[in-house]
Amino acid sequence: MDSSLPQPLAGAVSIDGARLWASLMELAEIGRTPKGGVCRLALSALDAQARRLVVAWGQAEGLRITVDAIGNIFMRRPGRDDSLLPVLTGSHIDTQPTGGKFDGNFGVLAGLEVVRSLNAHSIETEAPIEVVIWTNEEGSRFVPVMMGSGVFANAFSLESAYAARDAAGRSVQEELEAIGFRGSESPGHHPVGAYFEAHIEQGPVLEAAACTIGVVTGVLGLRWYDCTVVGMEAHAGPTPMAARQDALQVALPIMRSVVELALAHSPHGRGTVGSVQVFPNSRNVIPGSVTFSIDLRHAEPETLDAMEGALNRCIEEARRSSGLSITLKEVSAFPPSRFDPECVRLIEKASAKRGYPHMNVVSGAGHDAVYLARVAPAAMVFIPCKDGISHNEIEDARPEHLEAGCNVLLDAILARAGVSGPLR
Ligand SMILES: [Zn+2]
């Protein structure tokens, strides 16, 4: 932002927490599950219904709606100088099959609430403000995750996203057309001055620290691998212990090292073996082969390299001592993402000004903001969720935390977009 623009007084206006809560609850009715969660898979009829509701709310605030070819929806509030790059804010409204009311939905409706509050107080901003709904963040029905923002940031092509199919064989392109959200705008050809995303934390750190706001400085990088150990299956009775090529027993120290590596690089190290296939998986057969997943995460690229190096040494040692074939195949990788220091500072400053207990955090989960950070200065605001649980129907967040997060979002957006003239 041009530093000559007048700066708003943080806290001079506040959002309407009750209105935000009411909209969250109304949106959560679409795809509501008996246990009080939400099932609203990307590009389903329910997703379409939810999109139309949020768009109608945007239109009621006078926002101009555009949709791009991957179905990302932009709702624009003009700036006093409409040639300035817009400050973008939003998230996603698709959910997991057993999802909650707040994951993603909070970010979109917090953006809408910021606009509603600015309208209610007749506050103009120098730069335009846009509220965005990204397509298919969850990656549950269609892979990959963060599809809309990924295409937007040119992380992968529109064609490859269109070709993704769900379990029933329906493609993203077919479903976008079926629900009427395959827009004309070319993804990524939509200028962005800065991006702010509010989100529930999806982890237990803020709640444990009794903090209202997480100032998100970045997102953990991750590397995913498949590791396969090949031994030989044999009868569990007649085969003496010394004569075995037991793939599972050789795999175990490698699995354990994944967790030990993460512990050695705390607090930001993560190591998970979440999927194990044992062949032939029979009670009285020595396992002939084992394939398992490895998920390594850390905030620093150098540390991720070091963790990978240590994993390879552990595998080499297992190979040498067992004589078995062991392969490690990388299947996916995301570098750690560091958010824009200036945008992060605005969130920190707003939290401090309003007197909200806050702390810096690094996100362990991926978000649309990761891709947006590749094309514009970006940052995120986290608020606590109950017991750190999300991707679950019991996902819960407190109204006062949602309100606080939205106020921080408001202040950061106003500071970035610039307020023209005195607040009226
Ligand atoms: Zn989310």
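The values are calculated or read from the model by the stated rules, or taken from the named source; none is laboratory data. These numbers were taken from a predicted model, which means no experiment stands behind them. So basically every Cβ, Gly included, is an ideal-geometry build from the backbone, and we count neighbours across all protein chains shown. SASA here: full protein model, heavy atoms, side chains in, ligands and nucleic acids out. Shrake-Rupley method; radii C 1.70, N 1.55, O 1.52, S 1.80 Å.
Two numbers describe the Cα atoms of the range 169-242: Rg and Dmax, which are 25.1, 70 Å.
Dipole of the range 221-334 computed with +1 at Lys/Arg Cβ and -1 at Asp/Glu Cβ about the Cα centre; of N281, P253, I294, farthest Cα towards the positive end is N281. What the pair-distance distribution of the chain shows, using all Cα-Cα distances binned every 20 Å from zero, is 26, 51, 20, 4, 0 percent. Against the chain, whose longest principal axis is taken from its Cα atoms, helix 45-60 shows a tilt of about 20°. Using only the alpha-carbon atoms, how far is helix 17-27 inclined from the longest principal axis of the chain? Give it as 0 to 90 degrees, nearest 10. Once rounded, the angle reads 60 degrees. Summary of the geometry: the range 72-91 and the range 99-155, compared by the centres of their Cα atoms, lie 11 Å apart. Among the lysines of the chain, pairs at least eight places apart or on separate chains and with Cα atoms under 30 Å apart come to 7.
The listed residues W134, W21, W57, W224 rank as W224, W21, W57, W134 when sorted by accessible area, largest first, using a 1.4 Å probe. Just in the range 276-359: which trypsin sites (Lys or Arg not before Pro) are loop by DSSP and have at most 13 other Cβ atoms within 10 Å? Here the trypsin sites (Lys or Arg not before Pro) that fit, given the DSSP loop and packing criteria, are R283.
Across the range 221-334, Cα-Cα distances exceeding 20 Å account for 41% of all pairs. By accessible area, using a 1.4 Å probe on protein heavy atoms only, the range 248-307 has 54% of its surface on carbon and sulfur. Taken per residue, the accessible surface of the range 120-226 reaches 35 Å², heavy atoms only and a 1.4 Å probe.
Of all DSSP-defined beta bridges confined to the chain, some 70% are antiparallel rather than parallel.
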